[in-house]
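The structure appears below as structure tokens.
The values are calculated or read from the model by the stated rules, or taken from the named source; none is laboratory data. Bear in mind the structure is a predicted one, so any value in this text is a computation, not a measurement. Glycine gets a Cβ as well: all are built from the backbone with ideal geometry, and neighbour counts include every protein chain shown.
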């Protein structure tokens, strides 16, 4: 199973600049006030909703790929039919697809969407998503992982709820390298020259590198960012860094061309099935915990139904079923006990995987980075894209 497109990367300042303008630097009318976000909710009389997600991000039946057991169970339990589309392949692309409607106070035709939290931050700032009614979401209230409850861009998670989470850390080939990697600074060791890659996307790369400097990424500054860029620039010039990648770092690791790289936990779990010598490490200085989150766009016709579906996925039994399929960090820690009691040994073993259910030692080293504000983004994107050669 491949789910590599979800952490899709910004490919240059052009697209970024357009988004920055919308986020408050040139199109002030783009922001929607709280009183203009809701439409009459048809949930009671129309037992339906439309849910837009990324490809391969939900459980499917082994014998019939058109069946999605956890989604089907929701329909059977509630009588609500879900139109499920796998239409999100890139955060920027999806932003471009639905932003004209949202900006012009028009409905998007979607009741529920999943995008990466750094992009969710933009939607929240623009007032393009509705506050959720937690009275319809007792499972979210009870079971949402405390680490994910209050990111910088959405204090108290009023507008967003994590679908799945993940860790940006370091992957390396222990067998080929012949030693352990424990810290971010280990990437710069002489025996790794020309065999290291970093992620090319600004939003994906910067936090882990700052953590290597001992920075608290929940409150990083511009100086912290430029200090990291200075160091990375040095390692680009002396060719220590082989290149900057999207998710194609996986191919480099598999081939042995690269021995260590920035990586996502979910990718490495999948890679380990064929290459057990590949290890994923949360550095001693810490790693970034990120999410892709569910949101209800403005003027959604079936808000209450969407909120019920979100809560369905926070039932530990349902969360466990989804986690066993997608292998990302589960935002419902209580799902661990469900998996641990599974009769199937392979399924039960997932409960012990710290990349799906981080243990206490790992959790203590995880943090959600403060997002890049619309005011900061032009300068930081220009600097990073120059360093990464984008």
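Within region 146-184, restricting attention to residues that are part of a helix (DSSP H, G or I) and over 30 Å from residue 255 (Cβ atoms), which residue is farthest from the chain's Cα centre (by Cα)?
146
Please count how many residues of region 342-368 are more than 16 Å from residue 165 (Cα to Cα) and in contact with a helix residue (DSSP H, G or I) (Cβ under 7 Å, 6 or more places away or on another chain).
3
Which condition does residue 374 not pass, out of (1) more than 30 Å from residue 176 (Cα to Cα); (2) part of a helix (DSSP H, G or I), if it passes all the others?
Looking at each condition in turn, residue 374 falls short on (2).
So which residues in region 154-163 are closer than 20 Å to residue 221 by Cα and surrounded by fewer than 19 Cβ atoms within 10 Å (Cβ to Cβ), if there are any at all?
Correct list: 155 only.
Looking at residue 212, is it modelled with pLDDT under 95 and in contact with a helix residue (DSSP H, G or I) (Cβ under 9 Å, 6 or more places away or on another chain)? Can you show your working first?
On the way: modelled with pLDDT under 95: no; in contact with a helix residue (DSSP H, G or I) (Cβ under 9 Å, 6 or more places away or on another chain): yes.
No, not satisfied.
Residues are listed down the side, and each one gets a yes or a no for (1) over 22 Å from residue 178 (Cα atoms); (2) surrounded by fewer than 23 Cβ atoms within 10 Å (Cβ to Cβ); (3) touching a strand residue (DSSP E or B) at 6+ places or on another chain (Cβ under 9 Å):
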{"site": "195", "(1), (2), (3)": "no, yes, yes"}
{"site": "211", "(1), (2), (3)": "yes, no, yes"}
{"site": "223", "(1), (2), (3)": "yes, yes, no"}
{"site": "237", "(1), (2), (3)": "yes, yes, no"}
{"site": "254", "(1), (2), (3)": "no, yes, yes"}
{"site": "269", "(1), (2), (3)": "no, yes, yes"}
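Among the residues of region 63-94, which ones are under 13 Å from residue 49 (Cα atoms), touching a residue at least 60 places away in the same chain (Cβ under 8 Å) and touching a strand residue (DSSP E or B) at 6+ places or on another chain (Cβ under 8 Å)?
Selection gives 74, 80, 82.
Restricting to region 218-230, what's the tally of residues that are over 25 Å from the mean Cα position of the chain (by Cα) and touching a residue at least 12 places away in the same chain (Cβ under 8 Å)?
Initial filter on region 218-230 (over 25 Å from the mean Cα position of the chain (by Cα)): 223, 227, 230.
From what is left, the residues that are touching a residue at least 12 places away in the same chain (Cβ under 8 Å) are 227.
Qualifying residue count, region 218-230: 1.
How many of the residues in region 164-182 are surrounded by fewer than 18 Cβ atoms within 10 Å (Cβ to Cβ) and in contact with a strand residue (DSSP E or B) (Cβ under 6 Å, 6 or more places away or on another chain)?
Step one: of region 164-182, the residues surrounded by fewer than 18 Cβ atoms within 10 Å (Cβ to Cβ) are 174-176, 178-180, 182.
Next, from what is left, pick out any that are in contact with a strand residue (DSSP E or B) (Cβ under 6 Å, 6 or more places away or on another chain): 174.
The number of residues fulfilling the criteria is 1.
For residue 158, state whether it is free of Cβ contacts under 8 Å to residues at least 60 places away in the same chain and farther than 18 Å from residue 51 by Cβ.
yes
So, in region 123-145, of the ones that are touching a strand residue (DSSP E or B) at 6+ places or on another chain (Cβ under 9 Å) and in a helix (DSSP H, G or I), which residue ends up surrounded by the most Cβ atoms within 10 Å (Cβ to Cβ)?
123
Any idea how many residues of region 297-310 are out of contact with any strand residue (DSSP E or B) (no Cβ under 7 Å at 6 or more places or on another chain) and in a helix (DSSP H, G or I)?
4
Are there any helices (runs of 4 or more DSSP H) wholly within region 311-366 with 2 or more residues that are assigned by TED's automatic domain parsing to the domain that holds residue 55 and within 17 Å of the chain's Cα centre (by Cα), and if so which? Explain how you work it out, then say what you get.
On the way: elements: 316-326, 335-340, 345-349, 360-363.
Passing ranges, in order: 316-326.
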